[in-house]
1. Going by the conditions given, is A122 part of a helix (DSSP H, G or I), surrounded by 17 or more Cβ atoms within 10 Å (Cβ to Cβ) and more than 15 Å from the chain's Cα centre (by Cα)?
2. So in the stretch 227-239, with the set limited to residues that are loosely packed, with under 14 Cβ neighbours inside 10 Å and farther than 16 Å from H145 by Cα, which one is modelled with the highest pLDDT?
3. Do we have T202 as touching a His at 6+ places or on another chain (Cβ under 9 Å), at pLDDT below 95 and not in a strand (DSSP E or B) here?
4. Listed residues E195, E185; which is at pLDDT below 95 and farther than 21 Å from G103 by Cβ?
5. Go through (1) under 24 Å from L84 (Cα atoms); (2) in a loop (DSSP other than H, G, I, E, B); (3) charged (D, E, K, R) for R213 and report which single condition fails.
6. Return the pair list, or none, for Cβ contacts closer than 6 Å from residues in the stretch 187-210 that are farther than 17 Å from H225 by Cα to residues that are at pLDDT 70 or above and surrounded by 14 or more Cβ atoms within 10 Å (Cβ to Cβ), at least 6 apart or on different chains.
7. Please go through the stretch 111-140 and pick out each residue that is of a type in the set (S, T, N, Q) and modelled with pLDDT of 65 or more.
8. Considering only the stretch 42-53, I want to know if a residue exists there that is in the same structural domain as K109 (by TED's automatic domain parsing) and closer than 19 Å to K109 by Cα.
Amino acid sequence: MKAAAEQAARVLLIEDEENLAAGIRFNLEAEGLEVDWIGDGEAALERIRDPRYQLVILDVMLPGVDGFTLCEEARRSGVDTPVLFLTAKAGVDDRIRGLEAGGDDYLAKPFHLTELLLRVQAILRRRSWRAVETAPDVVRFGGNHFDFTAFAGASWDGKNQQLTQKEAMILKALAEQEGEVVSREDILDRVWGYEAFPSSRTIDNFVLRLRKRFEPDPERPRHFHTVRGVGYRFTLDTD
């Protein structure tokens, strides 16, 4: 993964277990990344807003402020840096809680460092993928518009919409194949990009969130259509 081939990506590691943090930092730096470490949630709130970071690795159980709250506060203040949660809470509900807090990935403790490195690699690769001009920088549909370069836009009712990286990437994956059926497997491969995929329920929850943001009636979607047993189809307008 040698990120130092061009310019080293900078990672903020927020983890209160010093020995674990030291091991993670050592291995990430061996891969050519620059790593800053902090062990307290309250002190991390300002650091996470630093735009120089390309990834935040965030423990959930922190002194001061827990990781979920920290991520929520960062998202509310406009931070779009990808967040990879590390936590001993491995239940489905906890994973969903992490995604709803604005996280982009979730790795349960204990974990293999190889898997962590693969996930870090995938996240950094996806940051460059969003700039590929296979879809327009701005997509407009049914009174909505969204700018992929800013992870921000507005919905049909005038509300500002700030998406997480995962939400934006799923929208982009669907918009690139507008009018075509995109399978859940294709979305998983495109957005997560490694073998330890989340469940299809995760994809469904993300699409539900996109509907709530951009559909006048999420129960009767005009743009994000479910193709039962296969995946989803995105259409710009149905008028």
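The values are calculated or read from the model by the stated rules, or taken from the named source; none is laboratory data. Predicted model, so just to flag it, every value in this text is computed and none were measured. As a convention, Cβ positions derive from the backbone with ideal geometry for all residues, glycine included, and neighbour counts pool all protein chains shown.
1. Answer is no for this residue.
2. So the first thing to find is which residues in the stretch 227-239 are loosely packed, with under 14 Cβ neighbours inside 10 Å, and the list is 227-230, 237-239.
Next cut, farther than 16 Å from H145 by Cα only: 227-230, 239.
On the way: V227: 94, R228: 91, G229: 87, V230: 91, D239: 53.
The qualifying residue modelled with the highest pLDDT is V227.
3. Details: touching a His at 6+ places or on another chain (Cβ under 9 Å): no; at pLDDT below 95: yes; not in a strand (DSSP E or B): yes.
No.
4. Details: E195 fails: farther than 21 Å from G103 by Cβ.
Matching residue, one of E195, E185: E185.
5. (2)
6. As it stands, the answer is R190/A173; V191/M169; V191/I170; G193/A122; Y194/L118; Y194/A122; F197/L188, since those pairs meet every condition given.
7. To start, the set of residues in the stretch 111-140 that are of a type in the set (S, T, N, Q) comprises 114, 121, 128, 134.
Answer for the stretch 111-140, where residues must be of a type in the set (S, T, N, Q) and modelled with pLDDT of 65 or more: T114, Q121.
8. Going through the stretch 42-53, the residues in the same structural domain as K109 (by TED's automatic domain parsing) turn out to be 42-53.
In the following step, the residues that additionally are closer than 19 Å to K109 by Cα were identified as none.
No, the conditions are met nowhere in the stretch 42-53.
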